[in-house]
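As structure tokens, the structure follows; a few thoughts come after it.
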Amino acid sequence: MGDVAKDLAAGTIAGVAQLLVGHPFDTIKVKLQSQPRPPPGQPPHFTGAMDAVKKTVAAEGPRGLYKGMGAPLATVAVFNAVLFTSRGQMEALFRESPGAQLTAGQQFICGMGAGVAVAFVACPTELVKCRLQAQSALQSATVVVEGAPAVAMAGAPAATASAAAQSVKYTGPLDVARHVLRSEGGVVGLFKGMTPTLLREVPGNAAMFGVYELTKQAIAGGKDTSQLGRGAQLTAGGVAGAAFWASVYPADVIKSVIQVDDHRNPKYRGTLDAFKKVFAAEGIKGYYRGFGPAMCRSVPANAACFLAYEMARGAMG
């Protein structure tokens, strides 16, 4: 098996492990990120992560926590093939000899390159996932403003957001894709939010792979990490996942609000405009909606991802 094929197979296994462990946390994160801003004096629909879990399960059952998983599950092979293969090919450029250990700085650069490549897969996948995860929150949070139904997203007047409350009810991932292709500019519409996706994936993957290597070397007491056990790999993967989200979370919030924005009556003219409006409406805390669930997800999900990858890659020789 060539290195590319090994990275493809191991990356696919790693992605499935990460998705199964982390998707419920991701669903809650997106619901908190994209829920409408309530009128003055009224509480938000979801008051926190646990409240979002309770209301989601009560309204949709446990399956509601896995809403939108079809899109990333269907593309997990492609996503992880690009991520781990791009990283592997970047690593080959730095290695002086086959199997040579790279420094954390070199892994940082490899992560950046992998992040650029994987953003082109992540953006349409995330758009479909976010639409499915957010639609129940958008619909249930409809409020009455001056006798007319309206919903307010971060930074947007309630009266201008009524279209979002009356948004299309998607029946599944393919339905989202069909709607976007038919009504939101064709293939280009699937890449809505590409700029914040790049702002997330490039520095995020740089931090993740760099910190993963740093943590492994710290545990091993040197550059040779080949003898580390499963516990050490789990620990390094969890720390790496936390580093990803801690470094890029505001970009993820902006990506989510842009991707669920109403195409016919958009509230955001672009990435910079979204940053400005979220800050104007909520201040710094607006950039950290759903941060708790994201961090709770990142540790076990990325620990599972890296462990599965290392085990699969090791089994292939």
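General observations
- Verdict on A119 being out of contact with any Leu (no Cβ under 8 Å at 6 or more places or on another chain) and either assigned to a loop (DSSP other than H, G, I, E, B) or over 19 Å from V211 (Cβ atoms) (or both): no
- Only residues that are farther than 18 Å from A17 by Cβ and either surrounded by 20 or more Cβ atoms within 10 Å (Cβ to Cβ) or aliphatic (A, V, I, L, M) (or both) were counted in the range 69-90, giving 2.
- Test: residue in the range 34-55 that is polar (S, T, N, Q), surrounded by fewer than 22 Cβ atoms within 10 Å (Cβ to Cβ) and in contact with a strand residue (DSSP E or B) (Cβ under 6 Å, 6 or more places away or on another chain): no
- Test: residue in the range 295-317 that is over 30 Å from E184 (Cα atoms) and not in a helix (DSSP H, G or I): yes
- Just one of the listed residues (E91, E60) is free of Cβ contacts under 8 Å to residues at least 24 places away in the same chain and more than 30 Å from V187 (Cβ to Cβ), namely E91.
- Number of the exception - V4 against (1) at pLDDT 85 or above; (2) in a helix (DSSP H, G or I): (1)
- Residue in the range 200-215 that is free of Cβ contacts under 8 Å to residues at least 24 places away in the same chain and closer than 24 Å to R313 by Cβ present: no
- Filter result for Q101 (open to solvent by 40 Å² or more (accessible area, probe 1.4 Å), part of a helix (DSSP H, G or I) and among the polar types (S, T, N, Q)): no
- Only one entry of G238, G231, G222 meets the criterion of being assigned to a helix (DSSP H, G or I) and open to solvent by 20 Å² or more (accessible area, probe 1.4 Å), and that entry is G231.
Yes/no matrix, rows are residues, columns are (1) modelled with pLDDT under 90; (2) surrounded by 23 or more Cβ atoms within 10 Å (Cβ to Cβ); (3) within 30 Å of K216 (Cβ to Cβ); (4) not charged (D, E, K, R):
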site	(1), (2), (3), (4)
V116	no, no, yes, yes
P124	no, yes, no, yes
S167	yes, no, no, yes
V176	no, yes, no, yes
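- Here W245 meets the list (1) assigned to a helix (DSSP H, G or I); (2) more than 13 Å from A294 (Cα to Cα) almost entirely, failing just condition (2).
- Residue-level check: of (1) within 26 Å of A9 (Cβ to Cβ); (2) open to solvent by 20 Å² or more (accessible area, probe 1.4 Å); (3) in a helix (DSSP H, G or I); (4) of a type outside the set (A, V, I, L, M, F, W, C), Y287 misses just (1).
- Total residues in the range 9-19, condition under 8 Å from N80 (Cβ atoms) and open to solvent by 30 Å² or more (accessible area, probe 1.4 Å): 1
- Annotation note: of E310, E282, the sole residue that is among the acidic types (D, E) and within 24 Å of F46 (Cβ to Cβ) is E282.
- Single match in T160, T171 (criterion: of a type in the set (S, T, Y), at pLDDT 50 or above and either in a helix (DSSP H, G or I) or over 21 Å from G270 (Cα atoms) (or both)): T171
The values are calculated or read from the model by the stated rules, or taken from the named source; none is laboratory data. Keep in mind the model is a prediction, meaning the values are calculated, not measured. Ideal geometry is used to build each Cβ from the backbone, glycine not excepted, and the neighbour counts take in all protein chains shown. Protein only, heavy atoms only, side chains kept; ligands, DNA and RNA dropped before computing areas. Shrake-Rupley method; radii C 1.70, N 1.55, O 1.52, S 1.80 Å.
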